Structures are given as C-alpha cells and as structure tokens.
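A.B. asks: Here you go, one structure.
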Amino acid sequence: MTEEPTVQPAPYRYALLRRLAPRVREDLGATYTRNLHKWLLIAPLIGVLSGLLITLVAVATLHQLWPRMLAFYLRHHWAIIPGIAASLAAVGLLMQRFTPDPNEHSTEEVIKSYHEHGGEMELRPVHAKLLASVMTVGLGGSSALEGPSIYGGAAIGTWLWARLQWIKRLRLTERDRRIMLICGAAAGMSAVFRAPLTGVVFALEMPYKDDLAHEALLPSLLASVVSYFTLGALVSSEPLFNFATQGMYTMHDLLWCAVLGAVVALIAMTFVITFRHARRWVVRQAAPLWMKLGIGGALTGLCGVLFLWIYPGSLVPIGPNYEAVESILRESHTSLELAVFALFKLAATTFTLAAGGVGAMFVPMFLTGGAVGIIFSQTVVHSSFVGLYAVVGMASFIAAAYKAPLAAVVFVAEVTGGHAYLIPALIGAAVAYAISGDASISGDQRVSALPEEILTEPLPAALHTEAVPVTVTTP
C-alpha cells in the first residue's frame, strides 16, 4: 500500500511566495508597530462621552442660567455686586468642601497632570469642579467655559483609560494615558466652541510654549470631530459668533496688522504679568477661599456697575459675555466706549479668576482683542474693514497670552466664520507671539518637549562653526 504524498497549501507550492512571505510579515509588523488602529475605537468613544458632558454643561450655563441672570441684572443694577459676590462665595464653599486642592482646577490641572503625573487625574472632585464652573460662569463671574470643558474632557480620557485596562488586546500603557488625557481635552474644547480644528490644535499646543504634544495628533483629530458632531446633533453646529467678512485686503493692511499684533502683544503681556502676580498674592493669603471669592465677586460686580453707569445699555463686562461678542462685532461703538469696556473686562476677569473662580479666559481675551482691533481700525488706520482688524486683534491676544498662535488663528476663523482673514490673523498672531516672549497665563506650560538641560547646554565643540584650516594637496 503506497502512502499518498502530503499536499502543501497552494501559496507554498511556489518558491517566490515562500521567499516573500517572511518579508511581507516583517514589513507589516514594522508598519503597525504603534498599534494605531486601537484609536479608531478609543478616540471616538472619548469624543462621544466628552460631547455629551460638555453639551450638558454648556446648555445649563449658556442657555439656561446666564440668560436669566443677565436679564435680572440689567433690570436691577443694584443686585449685581451682592449677587456675584454671594455666587462666588458659594463657589468657594463648594471647592473647599469637596476638592482636595481648591486652588488647582481647569486647564492648569490638565497641564500639570500631563507633565507630572503621567496623564493621571484625581477623579473624585470632577463633579464638584464642573458644578463650580457652571456657577462661576453662569452666575456672573467674568470667565469662559473652555477651561472646565478641557478639564471635563481630560477627566473622561483618564477615566476611560482605567476602564479599558481589562481589554488586553488594546495594550494600553502610561503613555497612552497621556494621549487619552490630551484627546479628551481636545474633544472638550471642540464641543464648547463648536470648533473641531481648534480643539485639536489647542490641545496639542497647550502643554508647551514652543512645541506640540505630537503623539496625540490622530486620537485628538478623531475625538474632536466626534465631539463636535455630538454637540451639533443635540444643539447646533453653527459658528458661535458668525459675521460677514470681506476677503479683500491690501499689503498696506497686512503691514498695519503686524503693527496691531505688536500693540496687542504689549497689552496681553501686561495683563498676563499682572494676573499672575495677583493670583500668587491671593493664594498666599490665609483667608478662606469663600471669603477671597466673595471679595473677588464684589469687585467683579463693581466693574459691571461702573460700566453700566458710564454707558447705560445691554453691554456689560461680566459673565461669559457671548452676547457682548455679537454686540462688539455687529454694532457701532465709539473707540472710548470700547477702550473702557476692554479695561473693565480685563479687570473683572482678574478679580474673578485670580480670586479662585473656576473658569478660563478665551472669551475675555477674544473680546478684549476684538475691541482693541476695532479701536486701532477706527483711530489709527481709519479703515472700513473693521472686521479685519477685529479678527487680527482677537487672534493676537490669544496667541500672546496662551502661547498658542496656531490655535488662536484657527479659533477665530472657526467661531466667527472669518476664514477670509486667515493670512492677516497669522501675521498678527506671529508678531504678538514673538513680542510677548515667555509671558503665559499658564504657569505649568513648559518650553519644549525636550529636556531643559538639552535646550540650555552649549553646543559640542564639533558643532561650532569656527574656521578650520584645510590642507589641499594637488597632484
């Protein structure tokens, strides 16, 4: 009885395929060493959860609480000072009672977690801090929601990292936790401002002054887009502050935009330094947080009352001030009124946030930069393109104060619909970023992802460009 020959699988009958198979496996292994496909599952999940959370926070604050408070304050000016003082004092009590460190919150906590704790955040006080942010912004404190939104999204990222550890195929590492932290921050920023590209760019620029968190690029892109569509499906995806723009500008305008960037840089640098000194002074005081915030709230309210006394109307430098953006961009105001408004807005923001309020500064800076840009247009350039200089002023102020020039330009373009002014905004933001130096609102931003000693150590002797004698031998 003869034994039948063993039949090999079809691919291995051919010598060429047998030789190529190991090479194909090697190439595919090199191609997928970083296991990027896992982010196709994780990042959209972070985006959905962050979008739902930030939609809840934004609707409660901007659509329910603040419109009612603003209407009440405009009818009863006498209630502004005690109302905001009592509201911020309540925020102080909440933070003292339910958070381990009431002086650490919002964007600062996210940056610190990224650099010092491997992306790990303390999750127990998240609910208290988000409630405190709703109260700070919605009851009249001069601040914005991007800080709490970044914080909430980052908390979801680090929480989800812990929950997905049991899925061994994902092979999540501590490096992935940092990526998921930034990914959540991008999703939060994207949702609150309906600006997905801004969320990506700002989250990548946020940890550093002169660098990017490159490893989080793909996850942040996916999470930001999903978060944006989640909020859009529940609320709206229209730009927050849409206004008409004209794409026509001259080289003369571009030169003036560079000058405006320099002017805004000096104002932003002065504000940043003043705010940082004020914040450090407040933290050093022995008084309880509720008392500090009560005093800060009273001073914030005083800014609102004084402005309404000088310029009666609906424009008032307190609260999230989304309605003030529309007023400044669409209505006619004198340069003096805009200057007074910008001064009181920066003062109110300092009193609110330096005292310990839970919020952030994108909209206050955005407003101030827009006001300065319109003043510059009306008094220096005498241009009919007021919107052009408003956009450049907005981008320049954010670039100088947050050290995020790309995010500043993209943010202004997305939330205003002013895409036609990208080039002038880039010029103004670049000049403002350069002139403002290292002055930054965030004390936890680092200069670069490279170690500090590498950035500061002298070049090796071999790299110095000194003249070296060369002997040429001719045959």
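A.B. asks: Look through the range 200-216, keep the residues that are surrounded by fewer than 21 Cβ atoms within 10 Å (Cβ to Cβ) and under 19 Å from A400 (Cβ atoms), and return whichever of them is modelled with the highest pLDDT.
C.D. replies: Y208
A.B. asks: While we're on this one: Residue under question is W281, and the condition is that it be over 29 Å from A420 (Cα atoms), more than 19 Å from the chain's Cα centre (by Cα), aromatic (F, W, Y) and assigned by TED's automatic domain parsing to the domain that holds K403; does it hold?
C.D. replies: yes
A.B. asks: What helices (runs of 4 or more DSSP H) lie completely within the range 304-406 and have 2 or more residues being touching a helix residue (DSSP H, G or I) at 6+ places or on another chain (Cβ under 7 Å) and closer than 16 Å to I441 by Cα?
C.D. replies: The helices (runs of 4 or more DSSP H) meeting that bar are 335-354, 362-376, 386-402.
A.B. asks: Identify, please: which residue in the range 121-165 is touching a helix residue (DSSP H, G or I) at 6+ places or on another chain (Cβ under 7 Å) and of a type in the set (S, T, N, Q) and is, among those, surrounded by the fewest Cβ atoms within 10 Å (Cβ to Cβ)?
C.D. replies: Among those that are touching a helix residue (DSSP H, G or I) at 6+ places or on another chain (Cβ under 7 Å) and of a type in the set (S, T, N, Q), it is T158.
A.B. asks: Hey, another quick one. Any residue in the range 285-314 that is in the same structural domain as S143 (by TED's automatic domain parsing) and under 15 Å from V358 (Cα atoms) sitting within a Cβ distance under 6 Å of a residue that is surrounded by 14 or more Cβ atoms within 10 Å (Cβ to Cβ) and modelled with pLDDT of 95 or more? List the pairs, counting only those 6 or more apart or interchain.
C.D. replies: none
A.B. asks: Those residues that are surrounded by fewer than 24 Cβ atoms within 10 Å (Cβ to Cβ), assigned to a helix (DSSP H, G or I) and in contact with a Gly (Cβ under 8 Å, 6 or more places away or on another chain), I need them from the range 177-199; list them, please.
C.D. replies: Listed by number, the list holds a single entry, R177.
A.B. asks: Kindly indicate whether S335 is among the small types (G, A, S), over 21 Å from the mean Cα position of the chain (by Cα), modelled with pLDDT under 90 and assigned by TED's automatic domain parsing to the domain that holds A262.
C.D. replies: It is false that S335 is among the small types (G, A, S), over 21 Å from the mean Cα position of the chain (by Cα), modelled with pLDDT under 90 and assigned by TED's automatic domain parsing to the domain that holds A262.
A.B. asks: Quick test for you: out of T99, T55, pick the one residue that is under 29 Å from A233 (Cβ atoms), β-branched (V, I, T) and modelled with pLDDT of 70 or more. Full working, then the answer.
C.D. replies: On the way: T99 fails: under 29 Å from A233 (Cβ atoms).
Exactly one of T99, T55 is under 29 Å from A233 (Cβ atoms), β-branched (V, I, T) and modelled with pLDDT of 70 or more, namely T55.
A.B. asks: Which ones in the range 94-131 are within 19 Å of the chain's Cα centre (by Cα) and among the aliphatic types (A, V, I, L, M)?
C.D. replies: V110, I111, M121, V126, L130
A.B. asks: Of the residues that make up the range 443-466, is at least one at pLDDT 90 or above and surrounded by 16 or more Cβ atoms within 10 Å (Cβ to Cβ)? Step through it out loud before you land on a result.
C.D. replies: Restricting attention to the range 443-466, the residues satisfying the condition of being at pLDDT 90 or above are none.
Taking every residue of the range 443-466 in turn, none turns out to be at pLDDT 90 or above and surrounded by 16 or more Cβ atoms within 10 Å (Cβ to Cβ).
A.B. asks: Sort through A268, A233, A223 and tell me the only one that's small (G, A, S), part of a helix (DSSP H, G or I), surrounded by fewer than 17 Cβ atoms within 10 Å (Cβ to Cβ) and modelled with pLDDT of 90 or more.
C.D. replies: Among A268, A233, A223, only A233 is small (G, A, S), part of a helix (DSSP H, G or I), surrounded by fewer than 17 Cβ atoms within 10 Å (Cβ to Cβ) and modelled with pLDDT of 90 or more.
The values are calculated or read from the model by the stated rules, or taken from the named source; none is laboratory data. Predicted model only: the values in this text are computed from it and were never measured. Note: ideal-geometry Cβ built from the backbone for every residue, glycine included; neighbour counts use all protein chains shown.
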